[in-house]
Every structure is written in C-alpha cells, then in structure tokens.
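Let me begin by presenting the structure, written as structure tokens, before commenting on it.
The values are calculated or read from the model by the stated rules, or taken from the named source; none is laboratory data. Remember, predicted model here, so these are calculated numbers, not experimental data. No Cβ is skipped: glycine too gets one built from the backbone with ideal geometry, and neighbour counts run over all protein chains shown.
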C-alpha cells in the first residue's frame with residue numbers, strides 16, 4: 001500500500017531535474033552545462049559537413065570542413081600560422097592594454113564625479129558611434145603604416161565603450177556603502193580605495209573580459225591596410241583570390257583565440273573574486 005502511495009512522488013522526483021533545466025536562474029549540474037556547450041557546435045559542424053559532402057553548395061562558396069582543416073595544417077607546417085598569430089596577438093595585447101590604461105581612470109572619475117561625467121560622457125558617447133574603418137586614412141596620416149597604426153585602430157575600437165562601461169560599473173555601487181564610509185569619517189580617497197574599487201572590481205574585470213573580445217573583432221579592420229603579416233591580413237589577401245578555405249580558417253582561428261582569451265579572463269575572475277557570486 002505504501003509503495004502505491006509513494007510511487008507518484010518518486011516519479012515526480014525523477015522528472016524534476018528535467019523540468020529544472022528550463023527554470024529561470026536554476027543551477028544545473030556542471031556536467032550538463034559543459035555538455036550543452038558542445039552540442040550546438042557539433043550539430044553545426046555536422047550540418048556543414050553534410051551540406052558540402054552532398055554537394056548542395058559549391059566549394060567556392062563553402063569549402064568542406066576537411067578542406068579548412070587541411071588549410072590550417074598547411075599554414076601551421078609552413079610556419080605561416082605561428083608568424084601571423086604572434087604579430088596579431090602582440091597588436092591585440094598592446095592595443096587593449098593602452099585602451100584599458102586610459103579608460104580605467106577616466107571611467108572611475110566619471111562614475112564618481114558628476115562634473116567629470118557631464119564634461120566627458122557626451123563626447124565619448126558620440127565618438128563611440130563613429131565607424132572605426134572611416135578613421136583608417138587619418139590613422140595612417142598620424143602614425144604611418146607600421147604597428148602603431150594598427151594599435152591605434154584597436155585602441156579607438158575599444159577605449160570609448162570600455163570607459164563608459166567602467167563608469168557604469170562604478171555608478172552601480174550601492175550608495176549606502178559610500179554613506180557608511182562617510183559616516184565613519186573616511187576621506188574621498190579612502191572611500192574610493194577601500195569601498196568603491198573593491199566593490200566595483202568584479203564588474204570592471206567582467207568589462208575587461210568583454211572589451212578584449214571587441215578588440216579581437218577589430219583585428220581584421222586594423223590589419224586592413226598596409227599590413228604584410230597578421231591573421232586579419234591573411235584573410236584580406238585570401239579574399240582577393242576567392243580562397244574561401246583560407247578565409248574560413250582564419251575567421252575560425254581568430255574566434256578560437258578569442259574564446260581562449262575569454263576563458264582565461266573568466267577563470268581569473270573566479271579566482272580573484274571568489275566572494276562575488278556573479279563571477280561564478
């Protein structure tokens with residue numbers, strides 16, 4: 001009798017985890033979370049292979065996955081990939097660091113002082129909507145055709161959005177924390193150092209993670225003109241000869257490097273800010 005009474009409850013318990021997968025903000029097992037990240041790419045890869053294998057699309061328009069892999073192997077074996085990746089990573093790191101070094105103090109100041117926000121925010125908000133590609137001729141006039149020009153383009157594509165996001169990170173700090181510091185007699189610099197910056201650090205780190213992704217997306221633009229090396233330049237050269245396997249490989253490889261960068265920032269944030277639930 002008891003078995004019949006508890007059987008519906010057992011069934012409900014057994015089916016509950018499946019329903020919880022689509023429940024808002026519901027935690028799921030890490031194994032399911034990780035597996036889900038492979039399902040969609042695997043389906044897309046299979047669809048790509050199937051379409052090209054059955055001849056639905058000509059290789060000129062969509063090369064097969066095998067052709068793209070072989071192109072990647074060719075570049076790796078000939079040393080082309082390492083040379084291109086090295087120079088592109090150097091440009092990305094320097095351009096992003098330059099933007100970050102300038103954007104962090106400006107964003108923090110705008111987030112804390114209304115007069116500075118009123119002075120700089122309208123201009124920065126306007127400039128961030130300007131197409132970076134249109135600035136390539138000016139960047140060449142200002143800095144020449146060397147690495148400085150590429151780094152300047154990456155800087156311009158990152159700085160303005162980053163400074164506004166850091167401003168928002170700082171402005172979102174609970175005012176009660178700041179009032180508590182004022183009540184304790186802290187000076188402005190002490191409130192900034194001991195309250196605002198620690199509280200805003202997880203959000204600022206997440207901004208770093210997002211903006212370095214933007215820097216990667218500007219790589220092809222930065223290497224568009226007068227570049228002899230680089231992943232973006234390799235893609236642009238391949239476009240001239242309709243080498244779609246080279247274009248696809250270069251694009252996917254940049255995406256892979258960006259994903260690796262994102263993973264490093266994510267794991268670093270989890271390690272640095274273990275006390276913050278949003279970085280988990």
Study note, to complete from the structure: Restricting the range 197-224 to residues that are over 17 Å from the mean Cα position of the chain (by Cα) and not in a helix (DSSP H, G or I), the one nearest to residue 276 (Cα to Cα) turns out to be 223
Practice item. Output the residues belonging to the range 234-257 that are within 19 Å of residue 83 (Cα to Cα) and out of contact with any helix residue (DSSP H, G or I) (no Cβ under 9 Å at 6 or more places or on another chain). Key: 256
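For the range 97-172, please list each of the helices (runs of 4 or more DSSP H) lying entirely inside it that holds at least 2 residues being crowded, with 19+ Cβ neighbours inside 10 Å and within 23 Å of the chain's Cα centre (by Cα). Working first, answer last.
Details: elements: 114-127, 136-143, 147-171.
In the range 97-172, the matching helices (runs of 4 or more DSSP H) lie at 147-171.
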Check your understanding: Given the residues 68, 104, 82, which is the only one that is under 30 Å from residue 153 (Cβ atoms) and without any contact (Cβ under 8 Å) to a residue 60 or more places away in the chain?
Key -> 82
Exercise for review: Would you please list the contacts, defined by Cβ atoms under 6 Å and residues six or more apart or on different chains, that run from a residue in the range 144-160 that is touching a residue at least 12 places away in the same chain (Cβ under 8 Å) to a residue that is in a loop (DSSP other than H, G, I, E, B) and surrounded by fewer than 21 Cβ atoms within 10 Å (Cβ to Cβ)?
Suggested key: 145/226; 160/128
Point to revise | Set 269, 230: member being on the phi > 0 side of the Ramachandran plot, crowded, with 20+ Cβ neighbours inside 10 Å and in contact (Cβ under 8 Å) with a residue 12 or more places away in the chain | key: 230
Review point. Regarding residue 179, is this residue farther than 22 Å from residue 165 by Cα, assigned to a helix (DSSP H, G or I) and modelled with pLDDT under 90?
Key: yes
Practice item. State the number of residues belonging to the range 30-83 that are touching a helix residue (DSSP H, G or I) at 6+ places or on another chain (Cβ under 8 Å) and in a loop (DSSP other than H, G, I, E, B). Key: 7
Check your understanding: Can you name every residue in the range 258-280 that is out of contact with any helix residue (DSSP H, G or I) (no Cβ under 7 Å at 6 or more places or on another chain) and within 17 Å of residue 89 (Cβ to Cβ)?
Key -> 259, 260, 263, 264
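Count, please, the residues in the range 233-249 that happen to be in a helix (DSSP H, G or I) and free of Cβ contacts under 8 Å to residues at least 60 places away in the same chain.
Of the residues in that region, 7 qualify.
Out of all the residues in the range 182-196, which are more than 30 Å from residue 261 (Cβ to Cβ), in contact with a helix residue (DSSP H, G or I) (Cβ under 8 Å, 6 or more places away or on another chain) and assigned to a helix (DSSP H, G or I)? If you could, list the steps in order and put the result at the bottom.
Going residue by residue through the range 182-196, those that are more than 30 Å from residue 261 (Cβ to Cβ) are 182-191, 194-195.
In the following step, the residues that additionally are in contact with a helix residue (DSSP H, G or I) (Cβ under 8 Å, 6 or more places away or on another chain) were identified as 182, 186, 190-191, 194-195.
Once the filter is applied, which keeps residues that are more than 30 Å from residue 261 (Cβ to Cβ), in contact with a helix residue (DSSP H, G or I) (Cβ under 8 Å, 6 or more places away or on another chain) and assigned to a helix (DSSP H, G or I), the range 182-196 yields 182, 190, 191, 194, 195.
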Review point. Filtering the range 37-63 down to residues that are in contact (Cβ under 8 Å) with a residue 12 or more places away in the chain and exposed (fewer than 11 other Cβ atoms within 10 Å of the Cβ), which residue is farthest from residue 263 (Cα to Cα)?
Key: 60
